[in-house]
Amino acid sequence: MISEDELNEIHQTLQNDLAAKSTRLDGIYHCPRVPGTSDETVVEVTDRKPGPGLLLQAARDHHVDLGRSWMIGDRLSDVLAGFNAGCRSIRVTTGYQYSQDLPPVDFEYPTVDSLTAAVEYILRQQEIDRIQKSV
């Protein structure tokens, strides 16, 4: 796909662009292993999506409660990685475009049109959760 140097350059550009907006990332994680299958539902290596390994590592490094966290991504492997790590997941339809129907999975997850819609969904769901806890 791309070399480690190219990936590091992309990460540096991302960090520079975010810094220009007074924003920073607490960490960037990636798995250098090339997938052996195109089936996004298969966990070949724990650290490669849909495996939860990198999310679990980030949670340990940054003291994140995965049970209260959300995974947002444009691929089924993102949704499954979040589910496998104990997060709730949302798929956005911007970004990767599937040429055929997605394979079925054993749980439901929302699909929205944009990152903004994903944030709005999470905020609505937090309000619903808050109301349900108070009842």
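If residue 41 satisfies all but one of (1) open to solvent by 70 Å² or more (accessible area, probe 1.4 Å); (2) in contact (Cβ under 8 Å) with a residue 60 or more places away in the chain, what's the number of the condition it fails?
(1)
Mind checking which residues of region 59-74 are touching a helix residue (DSSP H, G or I) at 6+ places or on another chain (Cβ under 9 Å) and either surrounded by 15 or more Cβ atoms within 10 Å (Cβ to Cβ) or over 22 Å from residue 110 (Cα atoms) (or both)?
Start the filter on region 59-74 by keeping residues that are touching a helix residue (DSSP H, G or I) at 6+ places or on another chain (Cβ under 9 Å), which leaves 59, 64-66, 69-73.
The answer is 59, 64, 66, 69, 70, 71, 72, 73.
Would you point out the residue of region 22-38, among those that are open to solvent by less than 60 Å² (accessible area, probe 1.4 Å) and more than 17 Å from residue 8 (Cα to Cα), that is farthest from the chain's Cα centre (by Cα)?
Only one residue tops the list, namely 37.
Inside region 111-124, can you point out the residues that are part of a helix (DSSP H, G or I) and open to solvent by 40 Å² or more (accessible area, probe 1.4 Å)? Can you show your working first?
Looking only at region 111-124, we keep the residues that are part of a helix (DSSP H, G or I), and these are 115-124.
Hits for region 111-124 are 115, 116, 119, 120, 121, 123, 124.
Within region 82-110, which residues are assigned to a strand (DSSP E or B) and open to solvent by 70 Å² or more (accessible area, probe 1.4 Å)?
In the first step, residues of region 82-110 are kept if they are assigned to a strand (DSSP E or B); the result is 88-92.
The answer is 88, and nothing else.
The values are calculated or read from the model by the stated rules, or taken from the named source; none is laboratory data. Given the structure is predicted, the values throughout are model-derived calculations rather than measurements. For neighbour counting, all protein chains shown are included, and Cβ atoms are generated from backbone atoms with ideal geometry for every residue, glycine included. Only protein heavy atoms, including side chains, enter the accessible area calculation; ligands, DNA and RNA are left aside. Shrake-Rupley method; radii C 1.70, N 1.55, O 1.52, S 1.80 Å.
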